[in-house]
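Worksheet: the structure to be examined is printed underneath.
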Amino acid sequence: MALFFTQLLSGIQDGAVYASLAVALVLIFRTTGILNFAQGEMALYSTYIVWKLTTGGVPVWLAILISIVISFVGGAVIERVVIRPVERASPLVVVIVTIGMFLAINSLTQLQFGSGEHAMPSFYPQHTWRPGGVLVSSDTIALVGVLGVECLLLYFLLQHTKLGLAFRGVASNPESSRLLGVPVGRILMVGWGLAAAVGALAGALVVPTTTGLVPSSMQQILVFAFAAAALGGFDSVLGAVVAGLVVGVADALTTGYIHALHGIDLLVPFGLILLVLLFRPSGLFGSTRVERV
Amino acid sequence: MTRTQQQAIRLVIAVIAVAVVVQFFAWYFPTHYGPTDTRLFASAMYIGVAAMGLNLLTGYNGQVSIGHGAFFGIGAYITALLMDHQYSWFGLNFGHQNFLSTIPTVAVVTFVIGALVGFPALRVKGLYLALVTLGLAVVFPDLATRFVKGTGGTSLVSLTSTELAAPRWFPSQLSAQDQWAYTMAFAFALLGLVAVWVLARSRFGRSLIAVRDHEAAAASVGIDLARTKVTAFALSAMYAGIAGSLSVLVVQNASGDDKLVTFQTSIEFLVAVVIGGTATVVGPLIGGFAVVYIQKWATDAFPNKPIISPATFGIVLIVLMYVLPDGVVGGGRRLRGLAGRTLRARRRRDVNPAPL
Amino acid sequence: MSLLSVEQLTGGYGAVRVLHGIDFTVEQGEVVVILGANGAGKTTTLRAISGLLDARGRIDFDGNDIVGWRPERVAAAGIAHVPQGRGTITDLTVEDNLRLGAYTRRDRDVVVDLDHWLGVFPRLAERRHQLAGSMSGGEQQMLAIARALMARPKLVLLDEPSLGLAPIVTQELFHTLGDLNREQGISMLVVEQNAGLALEIAQRGYVLETGSLVVSGSAAELAGNDDVRRAYLGI
């Protein structure tokens with residue numbers, strides 16, 4: 001029994017990570033309507049910034065904050081400079097551009113920061129509790145806590161601010177929004193900036209819980225995040241969060257109990273998506289309108 | 001000169017040109033260029049083959065897949081295992097086959113698996129299909145590791161030079177291993193090209209496009225949506241599988257168990273399709289060359305900084321998409337159209353000068 | 001000085017030129033109607049004013065030449081454009097649509113206006129928290145108009161407001177538009193195929209035929225014009 005809960009919590013912890021990156025993917029999908037293959041690498045670069053700052057003596061929480069700001073600006077710039085020229089082209093073309101970005105950003109990260117493995121510090125103290133034999137680590141609490149706060153902030157931004165309203169308008173009908181005076185271009189930049197910032201936070205939180213920061217740190221996470229975003233239906237931030245947690249938990253529980261699946265753990269999220277999509281082609285929470293590729 | 005005479009002359013010139021080009025690449029190139037060049041060219045060709053298949057599915061039929069690396073891997077493993085091992089299943093003995101005899105098996109198996117994947121794909125559309133196929137690409141290596149690696153952890157595939165070499169009946173000027181690999185790749189690229197050309201012009205080809213552009217309309221004129229879409233999947237999987245088999249000869253190995261490789265290969269196919277020009281016959285083949293040779297150029301351009309080459313490739317991809325969003329073939333067509341229009345306009349202006 | 005004064009307006013889509021140099025004006029407090037069949041260039045005219053396509057010529061609005069201005073800027077200058085097909089933002093609620101309509105405003109009376117327009121259109125008030133996409137065509141048209149008015153615009157452009165609506169709904173719609181003009185002095189430029197109702201609420205009108213204005217005059221003159229009657233009023 002204790003093992004079950006330990007697995008469950010471990011799944012929730014991983015799920016929180018997938019959820020955060022999935023939220024970034026959904027933000028971009030909702031605004032520009034594309035799948036951003038480079039989301040993980042953007043988060044990787046942000047994480048390297050945090051690492052670099054901490055080696056320079058900056059306290060971890062401040063480094064994370066700085067990285068978030070830099071990432072926001074970076075994301076906005078990327079939308080304006082790299083994505084805007086091809087916004088009107090076919091979705092396949094834009095996908096290729098994000099693939100190009102994936103390669104370029106990963107490569108440039110290594111160029112700037114080197115390719116070695118580095119230890120990443122976390123901003124909270126490491127501790128493990130053992131209530132009733134169940135392992136609860138401070139990592140889990142921190143990750144889930146931050147994810148929760150992030151969701152609340154995003155919810156507040158989207159539902160109760162003028163910017164959020166404009167954002168939702170652009171996501172649904174950019175031309176009508178334009179006629180209402182909404183600066184669509186600038187809103188798109190905000191969307192990308194926000195996604196990049198969310199990714200930065202996700203990276204900064206998850207990498208310390210792994211063995212170390214390496215150039216491939218975000219790649220498997222990205223795959224799971226895609227799975228979570230698809231499962232959640234791409235349309236909603238809430239869907240991405242729930243789906244991320246589901247993917248994390250499902251993965252932890254199945255690989256923990258079904259030993260035949262050991263080593264093929266990626267089968268779980270994708271098997272899950274396939275199953276869900278067969279019965280609900282727009283994902284668990286998606287609206288049936290989604291047909292953007 | 002009448003129009004039919006003009007057309008006949010143009011046709012003759014085209015046939016001669018094609019014959020010259022084919023002859024050059026079939027004979028001159030492999031005998032006058034070294035193994036590195038021939039292997040590189042051969043790899044461009046098998047990527048082109050896979051891309052042509054993927055184009056049937058994605059370009060003509062609108063189903064985006066980023067998982068065809070899995071079919072590629074399946075083809076590679078089938079060929080490698082059939083050439084390398086002896087099997088005895090249900091009373092049938094087979095194995096230790098030569099390369100060409102593995103092709104039918106690869107074709108059938110990948111076709112069937114492609115069809116099997118195509119069925120659930122009917123329910124999943126657009127972006128979600130892309131992601132589910134991504135799952136395929138990502139899960140396949142794990143499965144391959146499980147079933148092909150064996151308990152020792154080492155690969156079951158260890159191809160000897162005799163297995164990889166050209167058969168005895170093959171002309172001796174082209175019998176070096178790299179030349180043999182090259183010729184096979186070339187032969188199948190041509191075959192694949194002709195097949196795509198025929199398919200594209202056939203009723204099936206038109207159904208593919210109709211289903212892509214407007215499913216409801218296509219169904220209303222009697223096109224069987226399921227059959228069209230599943231067949232497209234099966235065919236594209238078959239092309240990818242054969243490309244995988246070819247890769248065994250060229251690379252002299254089968255490495256489907258590397259997660260990154262399968263994903264990378266899937267992406268390469270898609271990139272080749274888009275760069276070359278979606279829904280064109282020759283485009284994906286050109287795209288295959290683009291993918292291979294641009295990467296080579298990117299690696300060679302910065303010999304002492306290998307890290308830069310993926311960045312260079314990535315940046316080239318982005319720039320290509322700005323400049324040629326319709327791909328090389330598509331862009332070429334558009335330029336020709338533009339040139340045609342300007343020429344015609346100029347002629348008309350000369351004939352009808354504006355009234356004073 | 002006219003509120004809107006258009007001179008030698010040409011424009012189109014890419015290589016296709018739709019408008020061949022048209023001139024018209026809209027005075028403060030007027031409803032001006034542009035009649036025309038499909039393909040005449042009605043929608044193109046409005047899109048040209050809003051900056052949604054490349055146009056040449058002069059478009060004087062409230063003292064500024066707005067040719068070449070981007071749509072966001074045109075909206076901020078006080079032109080509200082209700083596009084063909086309503087253009088309601090289907091994934092947002094009625095209230096959200098209305099609030100977004102006030103995007104260009106920086107004052108604090110947005111809530112006041114919100115309540116006001118919900119009062120003028122009680123059916124919208126009933127569906128305040130409903131998604132715009134779930135409403136009928138007529139209701140969405142009301143929403144689009146109310147949304148345009150939330151911006152406190154100086155001029156409202158309406159693109160074929162009757163399109164796709166049942167006759168009774170269309171009558172109610174034009175009634176409302178007429179009231180808005182008479183009681184609140186809101187200036188409008190309406191392009192329509194449905195000449196009958198449009199001419200009833202307008203002061204002046206023009207007829208657009210394949211990109212050129214062929215007839216102009218008061219609403220009464222147009223209604224009495226035999227050619228207009230034959231072509232657009234089915235008489």
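The values are calculated or read from the model by the stated rules, or taken from the named source; none is laboratory data. This structure is a prediction, so every number in the text was calculated from the model and none was measured. Glycine also receives a Cβ, built like all others from the backbone with ideal geometry; neighbour counts cover every protein chain displayed.
So for the stretch C:45-58 (the condition being free of Cβ contacts under 8 Å to residues at least 12 places away in the same chain, among the acidic types (D, E) and away from every other protein chain (no Cβ under 13 Å)), does at least one residue qualify? Among the residues of the stretch C:45-58, not one is free of Cβ contacts under 8 Å to residues at least 12 places away in the same chain, among the acidic types (D, E) and away from every other protein chain (no Cβ under 13 Å), which makes the answer no. As a summary of the residue check, C:T25 satisfies the conditions (1) within 27 Å of C:A223 (Cβ to Cβ); (2) of a type outside the set (D, E, K, R); (3) free of Cβ contacts under 8 Å to residues at least 40 places away in the same chain; (4) within 14 Å of another protein chain (Cβ to nearest Cβ) except for the one numbered (4).
Screening A:L153 against (1) among the aliphatic types (A, V, I, L, M); (2) part of a helix (DSSP H, G or I); (3) in contact (Cβ under 8 Å) with a residue 40 or more places away in the chain leaves a single unmet condition, (3). Meeting the requirement of 3 or more residues that are within 14 Å of chain A (Cβ to nearest Cβ), the helices (runs of 4 or more DSSP H) wholly within the stretch C:83-174 are C:94-101, C:110-120, C:137-150.
Go through C:A48, C:A75 for me and flag whichever is touching a His at 6+ places or on another chain (Cβ under 8 Å), part of a helix (DSSP H, G or I), under 22 Å from A:E175 (Cα atoms) and modelled with pLDDT of 90 or more.
Numbers: C:A48 fails: touching a His at 6+ places or on another chain (Cβ under 8 Å).
Exactly one residue qualifies, and that residue is C:A75.
Right, B:A279: surrounded by 21 or more Cβ atoms within 10 Å (Cβ to Cβ), modelled with pLDDT under 90 and on the phi > 0 side of the Ramachandran plot or not? It is true that B:A279 is surrounded by 21 or more Cβ atoms within 10 Å (Cβ to Cβ), modelled with pLDDT under 90 and on the phi > 0 side of the Ramachandran plot.
Taking the stretch B:309-327 as the range and being more than 7 Å from every other protein chain (Cβ to nearest Cβ) and either surrounded by fewer than 19 Cβ atoms within 10 Å (Cβ to Cβ) or touching a Cys at 6+ places or on another chain (Cβ under 8 Å) (or both) as the test, the residues that pass are B:V319, B:V323. Put simply, of B:A216, B:A166, B:A144, B:A181 the only residue that is at pLDDT 75 or above, in a helix (DSSP H, G or I) and more than 14 Å from chain A (Cβ to nearest Cβ) is B:A181.
Please tell me if B:G95 is at positive phi, over 22 Å from the mean Cα position of the chain (by Cα) and of a type in the set (G, A, S). Reasoning before the result, please.
Working: at positive phi: yes; over 22 Å from the mean Cα position of the chain (by Cα): yes; of a type in the set (G, A, S): yes.
In short, yes.
Taken together, the residues in the stretch A:220-260 that are within 12 Å of chain B (Cβ to nearest Cβ) and either among the β-branched types (V, I, T) or surrounded by fewer than 18 Cβ atoms within 10 Å (Cβ to Cβ) (or both) amount to 5. If we keep just the residues of the stretch A:163-213 that are touching a strand residue (DSSP E or B) at 6+ places or on another chain (Cβ under 8 Å) and touching a residue at least 40 places away in the same chain (Cβ under 8 Å), which is farthest from C:I79 (Cα to Cα)? Only one residue tops the list, namely A:G212.
Given B:A80, B:A70, which one is buried (at least 24 other Cβ atoms within 10 Å of the Cβ), assigned to a helix (DSSP H, G or I) and at pLDDT below 90?
On the way: B:A70 fails: at pLDDT below 90.
The conditions single out B:A80.
Scoring B:G283 on the criteria (1) at the interface with chain A (Cβ under 10 Å from one of its Cβ atoms); (2) of a type in the set (G, A, S); (3) touching a residue at least 60 places away in the same chain (Cβ under 8 Å) leaves a single failure, condition (1). Just for the stretch A:28-49: of the residues that are surrounded by 24 or more Cβ atoms within 10 Å (Cβ to Cβ) and within 11 Å of A:F226 (Cα to Cα), which one is farthest from the chain's Cα centre (by Cα)? Only one residue tops the list, namely A:L35.
Of the residues making up the stretch C:24-55, those that are of a type outside the set (A, V, I, L, M, F, W, C), touching a helix residue (DSSP H, G or I) at 6+ places or on another chain (Cβ under 9 Å) and surrounded by fewer than 17 Cβ atoms within 10 Å (Cβ to Cβ) number 2. Taken over the stretch A:272-286, the residue count meeting the criterion of being within 20 Å of A:I221 (Cα to Cα) and either facing chain B (nearest Cβ under 8 Å) or at pLDDT below 75 (or both) is 3.
Based on this model, can you work out whether C:Q171 counts as surrounded by fewer than 16 Cβ atoms within 10 Å (Cβ to Cβ), in contact (Cβ under 8 Å) with a residue 12 or more places away in the chain, touching a Leu at 6+ places or on another chain (Cβ under 9 Å) and over 30 Å from C:R17 (Cβ atoms)? Yes. Within the stretch B:260-267, is there a residue that is more than 14 Å from chain A (Cβ to nearest Cβ), of a type in the set (A, V, I, L, M) and either over 20 Å from B:N61 (Cβ atoms) or crowded, with 24+ Cβ neighbours inside 10 Å (or both)? Looking for residues that are more than 14 Å from chain A (Cβ to nearest Cβ), of a type in the set (A, V, I, L, M) and either over 20 Å from B:N61 (Cβ atoms) or crowded, with 24+ Cβ neighbours inside 10 Å (or both), one finds none in the stretch B:260-267, hence no. Could you check A:G133 against (1) over 30 Å from B:F313 (Cα atoms); (2) at pLDDT 85 or above; (3) surrounded by fewer than 21 Cβ atoms within 10 Å (Cβ to Cβ) and say which number it fails? Checking A:G133 against (1) over 30 Å from B:F313 (Cα atoms); (2) at pLDDT 85 or above; (3) surrounded by fewer than 21 Cβ atoms within 10 Å (Cβ to Cβ), the one that fails is (2). Against the numbered list (1) within 14 Å of another protein chain (Cβ to nearest Cβ); (2) in contact (Cβ under 8 Å) with a residue 60 or more places away in the chain; (3) on the phi < 0 side of the Ramachandran plot, B:G126 comes up short only at (3). On inspection, A:L188 passes the criterion of being in a helix (DSSP H, G or I), more than 30 Å from A:M120 (Cα to Cα) and either in contact with a helix residue (DSSP H, G or I) (Cβ under 9 Å, 6 or more places away or on another chain) or within 14 Å of chain C (Cβ to nearest Cβ) (or both).
Could you tell me which residue of the stretch A:150-164 is nearest to A:F123 (Cα to Cα), considering only residues that are among the hydrophobic types (A, V, I, L, M, F, W, C) and under 15 Å from the mean Cα position of the chain (by Cα)? Please lay out each step first, then the result.
Initial filter on the stretch A:150-164 (among the hydrophobic types (A, V, I, L, M, F, W, C)): A:151-154, A:156-158, A:163.
The next check asks that each one be under 15 Å from the mean Cα position of the chain (by Cα); those that pass are A:151, A:154.
Details: A:C151: 20, A:L154: 22 Å.
Across the stretch A:150-164, the extreme among qualifying residues is A:C151.
The residue of the stretch C:59-82 that is nearest to the other protein chains (Cβ to nearest Cβ), among those that are under 15 Å from A:V184 (Cβ atoms) and charged (D, E, K, R), is C:E72.
Among the residues in the stretch A:81-91, are any modelled with pLDDT under 95, among the hydroxyl-bearing types (S, T, Y) and in a helix (DSSP H, G or I)? No, the stretch A:81-91 has no match at all.
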